[in-house]
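*Asks:* Pasting in a structure now, in structure tokens, and then I'll have a few things to ask.
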Amino acid sequence: MSLIVQKYGGTSVGNVERIKNVARRVARTFSQGNRVVVVLSAMSGETNRLVAFTQECSEFPISREYDAVISTGEQVTIGLLALVLKEMGYQAKSFLGHQVPIITDSSFGSARIEDIKPGNLMAELDRGVIAVVAGFQGVDADGSITTLGRGGSDTTAVALAAALKADVCEIYTDVEGVYTTDPNICSDARKLERVSYDEMLEMASLGAKVLQTRSVEFARKYGVPVMVRSSFNDATGTLVCKEDKEMEKVVVSGVTYNKDEAKISVLRVPDRPGIAALLFRPLTEAGINVDMIVQNISHDSQTDLTFTVTKTEFKHAMKLVKETAGKIEAEDVIGDPNIAKVSIVGAGMRSHAGVASRMFDVMAREGINIQMISTSEIKISCVVDVKYTELAVRVLHEAFGLGKTDVAEEK
Ligand code: ADP
Ligand code: ASP
Ligand code: MG
């Protein structure tokens, strides 16, 4: 008898009709003789609606109470699915994070899972119950509700699969798997049969929101096979698994974009030791993550420093940076939320030269100005004006021969 964790995202549980569709799929898996744990997101749009309420009530809402509010969407969907399954004649029971329990640290808004005690769920599964668990939420040592960051239901599912030693974690979503780029903005995007944990980790952290980054970290750490597939048909999806030799041959395997970041530039900062530490310390203390950082060459002992933060934390970061800029006598602080980070990812970049210059050539040909660049062994990212996002993704996807048509031609 296999133990399967199935996670259904917001679009897949977007209304009662769709929840009934999920119930039929869950029932089918259960009837085939499997033990099933289901993890659900809130209905699509619901978490955004809840976040907007908190922003109406507070300038910087992220806190214990923010999580108390934004975690509620999942409570509705799990209750409804359990009701439908019971109506169909199955035993089903809903579980909130604290009822599992899924124990996290206290970083409200982006808590990390520290421990999952599988005993309660196992006992129910042994009795033939289908367990329906709220994604995205946990409980900290004080008993406060926490949330795992946007898209966090994926992480709930993979972490549960690891804790329960499940045979597979299936992520059901509104596309048929992981593609070479977002199939919703590039119709030539190709579905990948398999993708390595490492590449998926890069793609996720660079914006391919089909899986939350932390879910891939969990999958890689505990060796959980993750199958990404559609909740609307039975097409085979994409298996996220360990890298094999075949995968290494591909130089660039995907193009990603992220519109969730904003850029902050601190102009004409005195160029002396300790300045960067002074600027970034208040951000760290406020729990604000800084992503790309670029410092230009210093002239007349002054320098410009530019970095990116998430859009959600942009206002807060601007306030803190302006305070420090005053103290260190920087000339000005400029914020720009109208940016996007476009990246190319591929394990094969390790062993191939010239990928970066090709990327820059392609952007130049389209007249797209590159504002910031960062690279790692297996990715290159460029910050561009947000209005060029889709164009940049499409031309890079084509230039690196990733499309369905390109592959068909090779054969
Ligand atoms: P869910 O609500 O099911 O969790 P998400 O919206 O979080 O779904 O993630 C699925 C979406 O991810 C797709 O609709 C697609 O637009 C987007 N996406 C971005 N990059 C990729 C990619 N490389 N492969 C597949 N989907 C992608
Ligand atoms: N409902 C949460 C969100 O919208 C979690 C998830 O969908 O994975 O971010
Ligand atoms: Mg998601």
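The values are calculated or read from the model by the stated rules, or taken from the named source; none is laboratory data. In this text, all values refer to a predicted model and were calculated from it rather than measured experimentally. Every residue, glycine as well, gets a Cβ built from its backbone with ideal geometry; the counts of neighbours run over all protein chains shown.
*Asks:* What pairs come out if I take residues in region 190-214 that are at positive phi and within 9 Å of ligand 1 (Cβ to nearest atom) and pair them with residues that are at pLDDT 95 or above and not in a helix (DSSP H, G or I) whose C-beta lies under 7 Å away, six or more apart or interchain?
*Replies:* Listed pairs, sorted by first residue: GLY207/THR256; GLY207/TYR257; GLY207/ASN258; GLY207/LYS341.
*Asks:* For PHE60, work out the one condition from (1) more than 15 Å from ligand 3 (Cβ to nearest atom); (2) in a helix (DSSP H, G or I); (3) out of contact with any Pro (no Cβ under 6 Å at 6 or more places or on another chain) it doesn't fulfil.
*Replies:* (2)
*Asks:* Could you say whether any residue in region 337-351 is on the phi < 0 side of the Ramachandran plot, in a helix (DSSP H, G or I), in contact (Cβ under 8 Å) with a residue 24 or more places away in the chain and under 21 Å from the mean Cα position of the chain (by Cα)?
*Replies:* yes
*Asks:* Mind telling me which of the residues ILE103, ILE78 ends up being in contact with a strand residue (DSSP E or B) (Cβ under 9 Å, 6 or more places away or on another chain), among the β-branched types (Val, Ile, Thr), crowded, with 16+ Cβ neighbours inside 10 Å and assigned to a helix (DSSP H, G or I)?
*Replies:* On the way: ILE103 fails: assigned to a helix (DSSP H, G or I).
Answer to the selection: ILE78.
*Asks:* Sticking with this structure for a sec: In the list VAL250, VAL309, which residue meets the criterion of being aliphatic (A, V, I, L, M), in contact (Cβ under 8 Å) with a residue 60 or more places away in the chain and not in a helix (DSSP H, G or I)?
*Replies:* After applying the criteria, what remains is VAL250.
*Asks:* Might you check whether a residue that is more than 34 Å from the chain's Cα centre (by Cα) and of a type in the set (Gly, Ala, Ser) occurs anywhere in region 311-322?
*Replies:* No.
*Asks:* A further question follows. Scan region 26-49 residue by residue and report those that are surrounded by fewer than 19 Cβ atoms within 10 Å (Cβ to Cβ) and outside any loop (DSSP other than H, G, I, E, B).
*Replies:* Within region 26-49, ALA27, ARG28, THR29, SER31, ASN48, ARG49 meet the criteria.
*Asks:* Now for a separate question. Just one of SER58, SER31 is away from ligand 2 (no atom under 15 Å from the Cβ) and either among the acidic types (Asp, Glu) or more than 30 Å from MET122 (Cβ to Cβ) (or both); which is it?
*Replies:* SER58
*Asks:* Filter region 211-228 for residues that are surrounded by fewer than 22 Cβ atoms within 10 Å (Cβ to Cβ) and within 16 Å of ligand 2 (Cβ to nearest atom); which is nearest to the chain's Cα centre (by Cα)?
*Replies:* Taking the candidates together, the pick is THR213.
*Asks:* Can you name the number of the only condition in (1) modelled with pLDDT under 95; (2) within 16 Å of ligand 1 (Cβ to nearest atom); (3) not in a loop (DSSP other than H, G, I, E, B) that GLU170 fails?
*Replies:* (1)
*Asks:* Given the criterion away from ligand 3 (no atom under 11 Å from the Cβ) and either out of contact with any Lys or Arg (no Cβ under 9 Å at 6 or more places or on another chain) or of a type in the set (S, T, N, Q) (or both), identify the matching residue among GLU170, GLU193.
*Replies:* The conditions single out GLU193.
*Asks:* Still on this structure, please answer the following. For VAL175, state whether it is more than 14 Å from the chain's Cα centre (by Cα), of a type outside the set (D, E, K, R) and more than 15 Å from ligand 3 (Cβ to nearest atom).
*Replies:* Against the criterion (more than 14 Å from the chain's Cα centre (by Cα), of a type outside the set (D, E, K, R) and more than 15 Å from ligand 3 (Cβ to nearest atom)), VAL175 does not qualify.
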